[in-house]
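What follows is a set of notes on a single structure, which appears directly below.
What follows draws every value from the coordinates through simple rules; no lab data is involved. On a predicted model such as this, the values are computed, not experimentally measured, just so you know. Here Cβ is always computed from backbone atoms with ideal geometry, including for glycine, and neighbour counts include all displayed protein chains.
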Amino acid sequence: RTRLIDLGYLGESEHNRGSPATDPLYTQAVKRFQSDAGLVDATGRGDGWAGPVTWQLMQCLVSFESDQDPRHWPVATPLTDNPAIHRACYLRLYAMGFFED
């Protein structure tokens with residue numbers, strides 16, 4: 001949930017930060033992230049489950065400590081056209097102080 005919030009896929013709230021539940025808002029946020037990141041099935045949709053591949057990609061996009069080699073990010077669209085990558089870049093620039101609230 002925290003990674004989805006940080007990337008802008010799930011709204012900031014006490015419930016979203018602290019709930020371990022899988023509710024419809026969470027599932028839709030995961031599906032949007034998967035779609036933006038190109039983690040989709042043959043029908044073009046994500047499964048809404050933050051499994052190992054989804055989790056690893058979210059971790060790479062959010063973490064400053066994880067391996068950051070974009071050549072290994074499983075994205076279907078070019079990096080310049082990818083909403084998940086745009087959100088991660090904004091998050092990093094924000095964290096470094098390039099933007100204010």
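General remarks:
- Relative packing of 84-90, 48-54, which averages over residues the other C-beta atoms within 10 Å, highest first: 84-90, 48-54
- Once the mean of 1/r is taken over each pair of separate Cα atoms and inverted, segment 1-69 shows a Kirkwood hydrodynamic radius of 12.4 Å.
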